[in-house]
Every structure is written in C-alpha cells, then in structure tokens.
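Notes to accompany the following structure.
The values are calculated or read from the model by the stated rules, or taken from the named source; none is laboratory data. Since we're looking at a predicted model, the values are computed, not measured. Here the Cβ positions follow ideal geometry from the backbone for every residue, glycine too, while neighbour counts run over all protein chains shown. Each accessible area value is taken on the protein alone, full model and side chains, heavy atoms only, with ligands, DNA and RNA left out. Shrake-Rupley method; radii C 1.70, N 1.55, O 1.52, S 1.80 Å.
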Amino acid sequence: METFRAVVLDESGASLKDLPLSTLPPGEVLVDVAYSSLNYKDGLALMGRNKVVRQYPMVPGVDLAGIVRESSDPRYEPGDRVVLTGWGVGERHWGGFAQMARVSADWLVPLPQGLDLLEAMAIGSAGLTAMLCVLALEDRGLGRDREVLVTGAAGGVGSVAVAVLSRLGYPVAAATGRPEEESFLRSLGAQTVLDRRELSAPSDKPLETERFGGAVDVVGGELLAGILRQMAYGTSVAATGLAGGRELHTTVLPFILRGVSLLGVDSVRTPLALRRRAWERLSTDLPRELLARLMQVVPLGATLTLGPAILAGRVKGRTVVDVNA
Ligand code: NDP
C-alpha cells in the first residue's frame, strides 16, 4: 500500500505521519507535491488560532507546487507542473505540508514559464498577495515621485513587495520592527528603512504631512491608522493583513480631504484570470537573484516548530518547505 508523509493537525496539535493514499480528500487532480511554503495563516493553523481550521484531521499548508500524477480533468495531464495557492487549501481541504495532494482542477494554475517549482513556492501565497497589491496600486495609478511604503517589510508579503516595487523603479520605503534587517531590506532594493513604531506613534492630528505615494500594508492596527494620516492626496493603500491587530481606529478625513483609497486584497478567492496575470508578472518582474536572497528552505518536519516564530514576526523573508526532505 502506497503511503505519503504529511503534517497532520488534530485537536491536540500537529505531528508527522505516514498516511495511505486512500485517505486523501476527493478532487480531480492528484499531485506529487515538491514544495509548499510557510505563511502567516499556517502559523495560525498550527497554533490553533483564529479558527483557521475548523475540521480535523487537517493537513495544513495554504499553497503547494508539484507535478500532476493523475487527472480526470482534461485541462491537466500527468507530468504537468502546477501551482496552487488559496481556495481554503490547508484550512478546509488538505493542503501542501504533505508529499501528495488531491485537489480540484479549478484551483490550479500551470507553473508560469520562467519559474521552477522551488521558485514558485519561494513566491507562494505571500508573494502572490504582494503582486496583487502592486497590481491594485498600479491599476489606481502609482507614481514614482514619492516613496511607496511597505510595512512588515522583513516578512513574507512585505519582502516580496519591496523586491517587486524596487525592481519596477518605484522608490521604496520599508517599515520594519527589526532594525537589524536594514541591510537585508536594502539588498532587496529599499531606498529608505523606517522603524514601524515611528509611523504608528499616537497622534491627535487626523492628518499629517503628505509623505507616501502608495502603500502595501500587512500589519493593520495602529500602523495602518498612522499610515492613512500620512498618505499623499489621491493615493492608495493596499491592505492584506492583521499581524499587528484587526481593529482600525481612524477618521474619515484621509478619505475625504485627501481622496485616499483603502484597497482590501484577498488572495484566497482571487479569480483565476487575475491570478494568472499576477503569476505572469511575478515571473517577469521579480529577478531570480532577489528571490534567492529572500528565501530559506526547510524540511517538512521543521514546520512543526515554526508556527510561534511566524506569528511573533520572527521569520525573515519567505520560508519554502521541501516536503521530501
Ligand atoms: P510574516 O509573518 O512573514 O510577516 C508579517 C510581518 O509583519 C512580520 O515579519 C513583521 O515584520 C510585521 N509585524 C508587525 N507587527 C507585528 C506583530 N505584532 N506580530 C507579528 N508581526 C508583525 O507574514 P506574511 O507576510 O505571510 O503575512 C502578513 C500578513 O498578511 C498576515 O496578517 C497574513 O494573514 C496576511 N496575508 C494576507 C493574505 C491575503 O490574501 N489577504 C495573504 C497572505 C498573507 P517587521 O518585523 O519587518 O515589521
């Protein structure tokens, strides 16, 4: 009987197990997984937080890249290289922290030309989200005359956003709570490195000096409130996350008097056409050498201990999970 190795989450926690193929959930496509990646949501799932996982047992891992072994869907054949992010994988459907996955054909994207499976997961859910933010800002008109701010810059979404925006020629200000990562952030192309506490300092003023020409925010909370006060007229903030809290205390003045737009970005349910556009842009706008600089590769078992680290903001850049190591 063929088995596969997986991280299995149940009410008592996560462990590595060898499971028979017959335990995989239904789906049209059976994938030999090569890599997954560690995302903030995986940290929440592994630590049993925010009700990310509601049914057990669950294999976490919100993304995966691999090779099709079997397919009953005409769009995919054995040997095709595919990428999957979102759609509730790792939350409601068994995910990428496993050597095998059985998934819906509708969730897959063919591996974009110019990327290999490792690079696809160095990008992963976080990188896709970063690119969706860049596209959202560009669709609204993003200028190069003022700095574009990226928060949580040393983390997954943030580091990819810094790299892509700098590569596209935008002057990037990277906000981080880890001043020791300044040289890392400058190596990705950041022009300025800011302490995030400076941006989120409490203020009585509803508006402050117009400073930023756009922003990608993964932190939310006080930091997002602080950023909104400092956005230039007619600019946008693409918001993806809540690492710093889900409450937002602001006034309407940035929106009314400065015409600032707050664009919510959710990669989980992004329609397929936009997903493909984002992956294509990632394969052209993110130089391989920058991608190599912002990733580390860990074996499958390492995910068991990385949950607390990513939730505490201690994981740098992108963490690829080699499910066969
Ligand atoms: P990471 O943990 O890799 O990065 C988050 C970064 O935020 C940290 O590295 C840290 O960076 C900063 N940070 C600021 N305040 C805190 C805090 N109180 N606790 C922890 N970190 C903090 O996560 P990701 O980049 O993968 O995800 C970032 C956010 O985006 C999460 O909230 C996640 O849920 C969300 N997300 C949303 C998606 C969507 O589709 N909407 C998809 C992917 C992620 P620094 O030290 O540099 O300040």
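Quick rundown of the values:
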{"item": "Leading residue by the ranking (least open to solvent (accessible area, probe 1.4 Å)) among those in the stretch 259-273 that are more than 16 Å from the ligand (Cβ to nearest atom) and not in a loop (DSSP other than H, G, I, E, B)", "result": "Ser261"}
{"item": "Residues of the stretch 277-286 classified as within 12 Å of the ligand (Cβ to nearest atom) and farther than 16 Å from Val157 by Cα, total", "result": "0"}
{"item": "Residues within the stretch 284-302 that are touching a helix residue (DSSP H, G or I) at 6+ places or on another chain (Cβ under 9 Å) and crowded, with 18+ Cβ neighbours inside 10 Å, tallied", "result": "5"}
{"item": "Within the stretch 1-28, tally of residues that are touching a residue at least 60 places away in the same chain (Cβ under 8 Å) and outside any strand (DSSP E or B)", "result": "6"}
{"item": "Residue count for the stretch 29-74, restricted to those that are part of a loop (DSSP other than H, G, I, E, B) and crowded, with 19+ Cβ neighbours inside 10 Å", "result": "7"}
{"item": "Residue satisfying all of: in the stretch 133-158; open to solvent by 10 Å² or more (accessible area, probe 1.4 Å) and within 13 Å of the ligand (Cβ to nearest atom); nearest to Gly259 (Cα to Cα) among these", "result": "Ala136"}
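Yes/no per residue for (1) within 11 Å of the ligand (Cβ to nearest atom); (2) in contact with a helix residue (DSSP H, G or I) (Cβ under 9 Å, 6 or more places away or on another chain); (3) open to solvent by 10 Å² or more (accessible area, probe 1.4 Å):
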| residue | (1), (2), (3) |
| --- | --- |
| Asp217 | yes, yes, no |
| Arg229 | no, yes, yes |
| Gly241 | yes, yes, yes |
| Thr251 | no, yes, yes |
| Pro254 | no, yes, no |
| Leu257 | no, no, yes |
| Arg275 | no, yes, no |
